[in-house]
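The values are calculated or read from the model by the stated rules, or taken from the named source; none is laboratory data. In this text, all values refer to a predicted model and were calculated from it rather than measured experimentally. Cβ placement follows ideal geometry from the backbone for every residue including glycine, while neighbour counts extend to all protein chains displayed. Heads up: the accessible areas ignore ligands, DNA and RNA and are worked out on the full protein's heavy atoms, side chains in. Shrake-Rupley method; radii C 1.70, N 1.55, O 1.52, S 1.80 Å.
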Amino acid sequence: MKIALEMSPKQVLRWVLAILLVWAALSKIANLNEFYLNIALYRLPLPDTWLRLAAMVMPWLELLCGVLMIAGTAWRAALFWAMILFGSFVLATGQAWARGLNINCGCFNLDFLGAGFASFFETVKFAFFRALLLFAAAVYLWRSAAESTGPRSGPA
Amino acid sequence: MNSTMPEQSKLASESAGYVAWQAVGILAAAVVIGIVYNQTSPLGVRKPTPLGEQFTLNHSAAPVSSGEPITTLQTGSEGAKTDIPSRDFPAPTPHTPPNPAASTAELRFPELKWPAVKALLAANQIVLIDARLAETYALSRIPGAISLAAYSPVAELQAFAAKFSRDTRFVIYCNSETCDMSHELAAKLARQFGYTNLALMPGGFAEYVIAEPVGANSP
(Lines give C-alpha, C1' and ligand atoms only; values in the text may rest on other atoms or scores of the structure.)
Protein backbone atom coordinates (compact mmCIF):
# COMPACT_ATOMS: atom_id res chain seq x y z
CA MET A 1 0.00 0.00 0.00
CA LYS A 2 2.85 2.27 0.88
CA ILE A 3 4.48 1.52 -2.44
CA ALA A 4 1.30 2.40 -4.29
CA LEU A 5 1.03 5.70 -2.46
CA GLU A 6 4.58 6.56 -3.40
CA MET A 7 3.92 6.08 -7.09
CA SER A 8 3.84 9.20 -9.20
CA PRO A 9 0.86 9.86 -11.46
CA LYS A 10 3.00 8.94 -14.45
CA GLN A 11 3.90 5.63 -12.87
CA VAL A 12 0.24 4.95 -12.17
CA LEU A 13 -0.59 5.77 -15.77
CA ARG A 14 2.14 3.47 -17.00
CA TRP A 15 0.85 0.68 -14.79
CA VAL A 16 -2.69 1.19 -16.08
CA LEU A 17 -1.49 0.93 -19.68
CA ALA A 18 0.62 -2.08 -18.79
CA ILE A 19 -2.22 -3.93 -17.08
CA LEU A 20 -4.50 -3.25 -20.04
CA LEU A 21 -1.85 -4.61 -22.38
CA VAL A 22 -1.44 -7.77 -20.31
CA TRP A 23 -5.19 -8.25 -20.09
CA ALA A 24 -5.65 -7.79 -23.83
CA ALA A 25 -2.74 -10.10 -24.56
CA LEU A 26 -3.90 -12.96 -22.36
CA SER A 27 -7.40 -12.98 -23.81
CA LYS A 28 -5.91 -13.18 -27.31
CA ILE A 29 -3.24 -15.75 -26.53
CA ALA A 30 -5.92 -18.06 -25.17
CA ASN A 31 -7.37 -18.34 -28.67
CA LEU A 32 -5.09 -17.02 -31.39
CA ASN A 33 -7.30 -18.32 -34.16
CA GLU A 34 -10.24 -16.32 -32.86
CA PHE A 35 -8.05 -13.23 -32.74
CA TYR A 36 -6.93 -13.86 -36.31
CA LEU A 37 -10.54 -14.13 -37.46
CA ASN A 38 -11.31 -10.90 -35.62
CA ILE A 39 -8.55 -8.91 -37.29
CA ALA A 40 -9.39 -10.43 -40.65
CA LEU A 41 -12.82 -8.82 -40.32
CA TYR A 42 -11.19 -5.39 -40.34
CA ARG A 43 -10.57 -5.93 -44.06
CA LEU A 44 -7.25 -4.17 -43.87
CA PRO A 45 -5.43 -3.83 -47.20
CA LEU A 46 -2.76 -6.29 -46.10
CA PRO A 47 -1.85 -9.75 -47.38
CA ASP A 48 -3.34 -12.61 -45.41
CA THR A 49 0.15 -13.81 -44.45
CA TRP A 50 0.76 -10.51 -42.71
CA LEU A 51 -2.50 -10.74 -40.85
CA ARG A 52 -1.70 -14.24 -39.65
CA LEU A 53 1.77 -13.16 -38.57
CA ALA A 54 0.26 -10.19 -36.76
CA ALA A 55 -2.19 -12.48 -34.99
CA MET A 56 0.68 -14.68 -33.84
CA VAL A 57 3.04 -11.92 -32.75
CA MET A 58 0.90 -9.02 -31.57
CA PRO A 59 -0.48 -10.67 -28.42
CA TRP A 60 3.03 -11.61 -27.30
CA LEU A 61 4.29 -8.13 -28.06
CA GLU A 62 1.48 -6.77 -25.91
CA LEU A 63 2.31 -9.19 -23.13
CA LEU A 64 6.04 -8.46 -23.18
CA CYS A 65 5.43 -4.72 -23.23
CA GLY A 66 2.95 -4.93 -20.39
CA VAL A 67 5.20 -7.06 -18.21
CA LEU A 68 8.28 -4.92 -18.89
CA MET A 69 6.38 -1.71 -18.17
CA ILE A 70 5.22 -3.14 -14.87
CA ALA A 71 8.67 -4.47 -14.01
CA GLY A 72 10.34 -1.19 -14.95
CA THR A 73 12.91 -3.03 -17.08
CA ALA A 74 13.46 -1.76 -20.62
CA TRP A 75 10.25 0.09 -20.01
CA ARG A 76 10.92 2.88 -22.49
CA ALA A 77 11.40 0.40 -25.30
CA ALA A 78 8.24 -1.33 -24.17
CA LEU A 79 6.46 2.00 -24.09
CA PHE A 80 7.64 2.66 -27.64
CA TRP A 81 5.95 -0.54 -28.81
CA ALA A 82 2.88 0.21 -26.74
CA MET A 83 2.65 3.52 -28.55
CA ILE A 84 2.97 1.75 -31.90
CA LEU A 85 0.34 -0.83 -30.90
CA PHE A 86 -2.17 1.74 -29.68
CA GLY A 87 -1.54 3.82 -32.79
CA SER A 88 -2.22 0.84 -35.02
CA PHE A 89 -5.41 0.12 -33.06
CA VAL A 90 -6.53 3.71 -33.68
CA LEU A 91 -5.97 3.30 -37.41
CA ALA A 92 -7.60 -0.12 -37.59
CA THR A 93 -10.70 0.75 -35.59
CA GLY A 94 -10.94 4.19 -37.21
CA GLN A 95 -11.01 2.81 -40.74
CA ALA A 96 -13.48 0.11 -39.68
CA TRP A 97 -15.75 2.73 -38.14
CA ALA A 98 -15.43 5.00 -41.18
CA ARG A 99 -16.34 2.10 -43.47
CA GLY A 100 -19.29 1.16 -41.30
CA LEU A 101 -18.07 -2.36 -40.59
CA ASN A 102 -20.33 -4.13 -38.14
CA ILE A 103 -17.68 -6.11 -36.30
CA ASN A 104 -16.39 -6.73 -32.82
CA CYS A 105 -13.16 -5.02 -31.94
CA GLY A 106 -11.65 -8.23 -30.53
CA CYS A 107 -9.51 -6.18 -28.19
CA PHE A 108 -10.42 -7.45 -24.74
CA ASN A 109 -12.36 -10.32 -23.28
CA LEU A 110 -15.29 -8.48 -21.74
CA ASP A 111 -17.72 -11.36 -21.50
CA PHE A 112 -17.79 -11.09 -17.73
CA LEU A 113 -19.78 -7.88 -18.25
CA GLY A 114 -22.57 -9.82 -19.91
CA ALA A 115 -23.28 -10.10 -23.61
CA GLY A 116 -25.03 -6.73 -23.91
CA PHE A 117 -22.30 -4.66 -22.26
CA ALA A 118 -19.55 -6.67 -23.92
CA SER A 119 -21.02 -6.11 -27.37
CA PHE A 120 -21.22 -2.34 -26.70
CA PHE A 121 -17.69 -2.01 -25.35
CA GLU A 122 -16.39 -4.08 -28.25
CA THR A 123 -17.98 -1.98 -31.00
CA VAL A 124 -15.43 -0.36 -33.28
CA LYS A 125 -16.73 3.10 -32.46
CA PHE A 126 -16.14 2.66 -28.76
CA ALA A 127 -12.88 0.84 -29.43
CA PHE A 128 -11.67 3.72 -31.60
CA PHE A 129 -12.08 6.28 -28.84
CA ARG A 130 -10.62 3.90 -26.27
CA ALA A 131 -7.60 3.30 -28.50
CA LEU A 132 -7.25 7.04 -29.09
CA LEU A 133 -7.20 7.66 -25.35
CA LEU A 134 -4.65 4.93 -24.75
CA PHE A 135 -2.51 6.20 -27.63
CA ALA A 136 -2.58 9.72 -26.22
CA ALA A 137 -1.57 8.42 -22.80
CA ALA A 138 1.30 6.42 -24.31
CA VAL A 139 2.52 9.44 -26.30
CA TYR A 140 2.36 11.58 -23.18
CA LEU A 141 4.45 9.07 -21.24
CA TRP A 142 6.89 8.75 -24.12
CA ARG A 143 7.40 12.49 -24.33
CA SER A 144 7.83 12.67 -20.58
CA ALA A 145 10.34 9.85 -20.68
CA ALA A 146 12.29 11.58 -23.42
CA GLU A 147 13.11 14.32 -20.95
CA SER A 148 15.22 11.93 -18.90
CA THR A 149 18.54 11.23 -20.58
CA GLY A 150 20.18 8.40 -18.64
CA PRO A 151 20.37 5.12 -20.53
CA ARG A 152 19.34 3.15 -17.45
CA SER A 153 17.31 5.77 -15.69
CA GLY A 154 14.55 4.49 -13.50
CA PRO A 155 10.84 4.49 -14.27
CA ALA A 156 9.21 7.85 -14.74
CA MET B 1 27.36 25.10 -18.75
CA ASN B 2 28.70 24.87 -22.28
CA SER B 3 30.66 21.75 -21.47
CA THR B 4 27.62 19.91 -20.13
CA MET B 5 25.44 20.45 -23.20
CA PRO B 6 27.42 18.15 -25.54
CA GLU B 7 27.64 15.58 -22.77
CA GLN B 8 23.90 15.62 -22.28
CA SER B 9 23.36 15.40 -26.02
CA LYS B 10 25.75 12.45 -26.26
CA LEU B 11 24.10 10.76 -23.32
CA ALA B 12 20.67 11.24 -24.87
CA SER B 13 21.90 9.84 -28.15
CA GLU B 14 23.38 6.79 -26.43
CA SER B 15 20.16 6.38 -24.50
CA ALA B 16 18.12 6.51 -27.68
CA GLY B 17 20.34 3.89 -29.25
CA TYR B 18 20.07 1.70 -26.19
CA VAL B 19 16.28 1.96 -26.19
CA ALA B 20 16.21 1.20 -29.90
CA TRP B 21 18.18 -2.00 -29.38
CA GLN B 22 15.88 -2.96 -26.53
CA ALA B 23 12.89 -2.35 -28.79
CA VAL B 24 14.38 -4.59 -31.47
CA GLY B 25 15.00 -7.25 -28.85
CA ILE B 26 11.40 -7.09 -27.61
CA LEU B 27 10.06 -7.43 -31.14
CA ALA B 28 12.39 -10.34 -31.90
CA ALA B 29 11.34 -12.09 -28.71
CA ALA B 30 7.66 -11.57 -29.55
CA VAL B 31 8.15 -12.95 -33.06
CA VAL B 32 10.00 -16.04 -31.88
CA ILE B 33 7.64 -16.78 -28.98
CA GLY B 34 4.60 -16.07 -31.15
CA ILE B 35 5.60 -18.42 -33.95
CA VAL B 36 6.73 -21.19 -31.61
CA TYR B 37 3.60 -20.90 -29.49
CA ASN B 38 1.40 -20.89 -32.57
CA GLN B 39 2.93 -24.16 -33.71
CA THR B 40 2.26 -25.82 -30.37
CA SER B 41 -1.14 -24.34 -29.59
CA PRO B 42 -4.20 -26.29 -30.70
CA LEU B 43 -5.92 -22.93 -31.06
CA GLY B 44 -3.17 -21.46 -33.15
CA VAL B 45 -3.83 -19.43 -36.26
CA ARG B 46 -5.12 -21.51 -39.13
CA LYS B 47 -6.12 -20.66 -42.64
CA PRO B 48 -9.71 -19.55 -43.14
CA THR B 49 -11.97 -21.89 -45.02
CA PRO B 50 -13.77 -20.14 -47.86
CA LEU B 51 -17.40 -21.10 -48.24
CA GLY B 52 -16.79 -22.98 -51.46
CA GLU B 53 -14.33 -25.40 -49.88
CA GLN B 54 -16.35 -27.01 -47.16
CA PHE B 55 -19.77 -25.53 -46.89
CA THR B 56 -22.77 -27.67 -47.61
CA LEU B 57 -26.17 -26.50 -46.55
CA ASN B 58 -28.31 -29.58 -46.46
CA HIS B 59 -31.02 -28.35 -44.19
CA SER B 60 -32.78 -25.67 -46.14
CA ALA B 61 -34.94 -27.98 -48.18
CA ALA B 62 -35.87 -30.43 -45.46
CA PRO B 63 -35.66 -28.98 -42.00
CA VAL B 64 -34.86 -31.52 -39.33
CA SER B 65 -37.86 -31.97 -37.14
CA SER B 66 -38.58 -35.24 -35.48
CA GLY B 67 -40.50 -33.83 -32.59
CA GLU B 68 -38.10 -35.42 -30.19
CA PRO B 69 -36.55 -32.95 -27.83
CA ILE B 70 -32.79 -33.12 -27.43
CA THR B 71 -33.34 -32.94 -23.68
CA THR B 72 -35.50 -30.82 -21.51
CA LEU B 73 -35.08 -27.09 -21.55
CA GLN B 74 -34.33 -25.98 -18.06
CA THR B 75 -34.44 -22.86 -16.03
CA GLY B 76 -32.34 -22.39 -12.94
CA SER B 77 -28.70 -22.65 -12.10
CA GLU B 78 -28.07 -26.25 -13.09
CA GLY B 79 -27.45 -26.72 -16.78
CA ALA B 80 -27.51 -30.16 -18.36
CA LYS B 81 -24.20 -31.53 -19.60
CA THR B 82 -25.04 -34.02 -22.29
CA ASP B 83 -22.41 -35.91 -24.22
CA ILE B 84 -24.39 -37.94 -26.70
CA PRO B 85 -22.48 -40.73 -28.42
CA SER B 86 -22.91 -41.25 -32.12
CA ARG B 87 -26.41 -42.27 -33.16
CA ASP B 88 -27.47 -42.80 -29.55
CA PHE B 89 -29.86 -39.95 -29.49
CA PRO B 90 -31.58 -39.65 -26.12
CA ALA B 91 -35.02 -41.06 -25.73
CA PRO B 92 -37.76 -38.51 -26.08
CA THR B 93 -38.42 -36.64 -22.90
CA PRO B 94 -41.22 -34.22 -22.24
CA HIS B 95 -39.87 -30.76 -22.71
CA THR B 96 -40.42 -27.86 -20.41
CA PRO B 97 -41.35 -24.68 -22.22
CA PRO B 98 -39.14 -21.78 -21.29
CA ASN B 99 -40.43 -19.69 -18.48
CA PRO B 100 -41.25 -16.28 -19.98
CA ALA B 101 -40.46 -14.68 -16.67
CA ALA B 102 -36.97 -16.15 -16.57
CA SER B 103 -34.17 -13.86 -17.62
CA THR B 104 -31.87 -14.81 -20.45
CA ALA B 105 -29.15 -15.65 -17.95
CA GLU B 106 -31.47 -18.01 -16.09
CA LEU B 107 -32.38 -20.03 -19.15
CA ARG B 108 -30.37 -23.21 -19.38
CA PHE B 109 -30.00 -25.43 -22.42
CA PRO B 110 -28.54 -28.87 -22.88
CA GLU B 111 -24.89 -28.82 -23.78
CA LEU B 112 -23.23 -31.07 -26.33
CA LYS B 113 -19.61 -31.68 -27.13
CA TRP B 114 -18.24 -31.70 -30.65
CA PRO B 115 -18.07 -35.52 -31.10
CA ALA B 116 -21.76 -35.77 -30.33
CA VAL B 117 -22.61 -32.82 -32.56
CA LYS B 118 -20.49 -34.26 -35.35
CA ALA B 119 -22.35 -37.56 -35.21
CA LEU B 120 -25.75 -35.90 -35.12
CA LEU B 121 -24.79 -33.59 -37.95
CA ALA B 122 -23.54 -36.47 -40.06
CA ALA B 123 -26.81 -38.29 -39.44
CA ASN B 124 -28.70 -35.16 -40.46
CA GLN B 125 -30.47 -35.18 -37.12
CA ILE B 126 -29.77 -31.60 -36.18
CA VAL B 127 -29.40 -28.16 -37.67
CA LEU B 128 -26.14 -26.60 -36.57
CA ILE B 129 -26.26 -22.84 -36.15
CA ASP B 130 -23.25 -20.53 -36.09
CA ALA B 131 -24.25 -17.63 -33.81
CA ARG B 132 -21.17 -15.52 -34.53
CA LEU B 133 -21.17 -12.54 -36.83
CA ALA B 134 -22.02 -13.40 -40.42
CA GLU B 135 -18.66 -11.98 -41.46
CA THR B 136 -16.85 -14.35 -39.11
CA TYR B 137 -18.92 -17.25 -40.40
CA ALA B 138 -17.95 -16.32 -43.94
CA LEU B 139 -14.30 -16.61 -43.00
CA SER B 140 -14.39 -19.91 -41.17
CA ARG B 141 -17.03 -22.21 -39.76
CA ILE B 142 -17.92 -25.76 -38.90
CA PRO B 143 -18.83 -27.60 -42.10
CA GLY B 144 -22.58 -27.92 -42.46
CA ALA B 145 -23.38 -25.08 -40.10
CA ILE B 146 -25.71 -22.32 -41.13
CA SER B 147 -25.30 -18.71 -40.07
CA LEU B 148 -27.64 -16.87 -37.76
CA ALA B 149 -25.87 -14.19 -35.77
CA ALA B 150 -27.05 -13.77 -32.20
CA TYR B 151 -27.64 -10.08 -32.76
CA SER B 152 -29.41 -10.42 -36.08
CA PRO B 153 -32.19 -7.93 -36.77
CA VAL B 154 -35.67 -9.13 -35.87
CA ALA B 155 -36.58 -9.42 -39.56
CA GLU B 156 -33.75 -11.90 -40.11
CA LEU B 157 -34.80 -13.93 -37.08
CA GLN B 158 -38.36 -13.99 -38.35
CA ALA B 159 -37.22 -15.08 -41.79
CA PHE B 160 -35.21 -17.84 -40.16
CA ALA B 161 -38.15 -18.92 -38.03
CA ALA B 162 -40.34 -19.11 -41.13
CA LYS B 163 -38.02 -21.74 -42.59
CA PHE B 164 -37.84 -24.14 -39.67
CA SER B 165 -40.63 -25.81 -37.76
CA ARG B 166 -40.81 -25.26 -34.02
CA ASP B 167 -39.67 -28.76 -33.18
CA THR B 168 -36.53 -28.60 -35.28
CA ARG B 169 -33.48 -29.76 -33.37
CA PHE B 170 -30.95 -26.98 -33.23
CA VAL B 171 -27.43 -27.02 -31.86
CA ILE B 172 -25.91 -23.57 -31.56
CA TYR B 173 -22.27 -22.57 -31.20
CA CYS B 174 -20.15 -19.43 -31.17
CA ASN B 175 -16.45 -18.81 -30.55
CA SER B 176 -15.51 -20.69 -27.42
CA GLU B 177 -16.35 -21.27 -23.76
CA THR B 178 -16.05 -17.55 -23.08
CA CYS B 179 -18.60 -16.61 -25.72
CA ASP B 180 -22.22 -15.86 -24.82
CA MET B 181 -23.66 -15.47 -28.30
CA SER B 182 -24.87 -19.07 -28.61
CA HIS B 183 -26.77 -18.77 -25.35
CA GLU B 184 -28.17 -15.40 -26.38
CA LEU B 185 -29.45 -16.80 -29.64
CA ALA B 186 -30.89 -19.91 -28.01
CA ALA B 187 -32.77 -17.73 -25.54
CA LYS B 188 -34.19 -15.62 -28.37
CA LEU B 189 -35.28 -18.64 -30.37
CA ALA B 190 -36.90 -20.19 -27.32
CA ARG B 191 -38.66 -17.15 -25.96
CA GLN B 192 -39.53 -15.18 -29.07
CA PHE B 193 -40.25 -18.02 -31.47
CA GLY B 194 -41.12 -20.96 -29.26
CA TYR B 195 -38.38 -23.35 -30.32
CA THR B 196 -38.01 -26.14 -27.82
CA ASN B 197 -35.32 -28.47 -29.17
CA LEU B 198 -32.35 -26.24 -28.56
CA ALA B 199 -28.93 -27.27 -27.39
CA LEU B 200 -25.59 -25.52 -27.15
CA MET B 201 -22.08 -26.54 -28.05
CA PRO B 202 -20.25 -24.49 -25.40
CA GLY B 203 -16.79 -25.34 -26.70
CA GLY B 204 -17.78 -23.55 -29.87
CA PHE B 205 -15.62 -23.12 -32.92
CA ALA B 206 -12.53 -23.46 -30.74
CA GLU B 207 -13.51 -26.99 -29.75
CA TYR B 208 -14.01 -27.89 -33.40
CA VAL B 209 -10.62 -26.43 -34.36
CA ILE B 210 -8.91 -28.49 -31.67
CA ALA B 211 -10.76 -31.67 -32.56
CA GLU B 212 -10.38 -31.34 -36.32
CA PRO B 213 -6.84 -30.04 -36.74
CA VAL B 214 -6.67 -30.41 -40.50
CA GLY B 215 -4.66 -27.46 -41.73
CA ALA B 216 -4.34 -26.11 -38.22
CA ASN B 217 -1.45 -23.92 -37.15
CA SER B 218 -0.31 -23.23 -40.68
CA PRO B 219 1.20 -19.77 -40.65
**Item:** Per residue accessible area of the stretch B:133-179, 1.4 Å probe, in Å²
**Value:** 37
**Asked** In square angstrom, rounded to the nearest 10, how much accessible surface does A:VAL16 have for a 1.4 Å probe?
**Response** 70
**Asked** In sequence order, what are the phi-derived ³J(HN,Hα) couplings for the stretch B:127-141 according to the Karplus relation 6.51 cos²θ - 1.76 cosθ + 1.60 with θ = phi - 60°, rounded to whole Hz, with x for glycine and proline?
**Response** 10, 8, 10, 8, 8, 6, 4, 4, 5, 5, 4, 5, 7, 6, 7
**Fill in**
Plugging the Cβ-Cβ distance of B:GLN39 and A:TRP142 into 1/(1 + (r/R0)^6) at R0 = 41 Å yields, to the nearest 0.05, a FRET efficiency of 0.75
**Asked** Using θ = phi - 60° and the Karplus form 6.51 cos²θ - 1.76 cosθ + 1.60, what ³J(HN,Hα) does each residue of the stretch B:156-171 get, whole Hz, x for Gly and Pro?
**Response** 5, 5, 5, 5, 5, 5, 6, 8, 10, 5, 5, 9, 4, 7, 10, 10
**Prompt:** Counting only protein heavy atoms and rolling a 1.4 Å probe, how much accessible area do B and A lose on contact, total for both sides, in Å² to 100?
**Reply:** 3500
**Request:** Write down the Kirkwood hydrodynamic radius of the stretch A:21-96, to one decimal in angstroms, obtained as one divided by the mean of 1/r over all alpha carbon pairs.
**Result:** 12.8
**Asked** Over all Cα pairs of the stretch B:122-219, how is the pair count split among 5 Å bins, expressed in % and running from 0 up to the last occupied bin?
**Response** 3, 13, 24, 26, 18, 9, 4, 2, 0
**Request:** Rounding to the nearest 20 debye, state how big the charge dipole of the stretch B:116-219 is about its Cα centre with +1 on each Lys and Arg Cβ and -1 on each Asp and Glu Cβ.
**Result:** 320
**Request:** Partner chain Cβ atoms within 10 Å, averaged over the residues of A:135-144 - can you pull that number for me?
**Result:** 0
**Request:** Please give the residues of the stretch A:9-38, grouped as numeric ranges, whose backbone N is less than 16 Å from a label point set 7 Å along the Cα-to-Cβ vector of A:LEU133.
**Result:** A:13-21, A:24
**Request:** Quick one: work out Rg over Rh on the C-alpha atoms of the stretch B:138-177, Rh as Kirkwood radius.
**Result:** 0.96
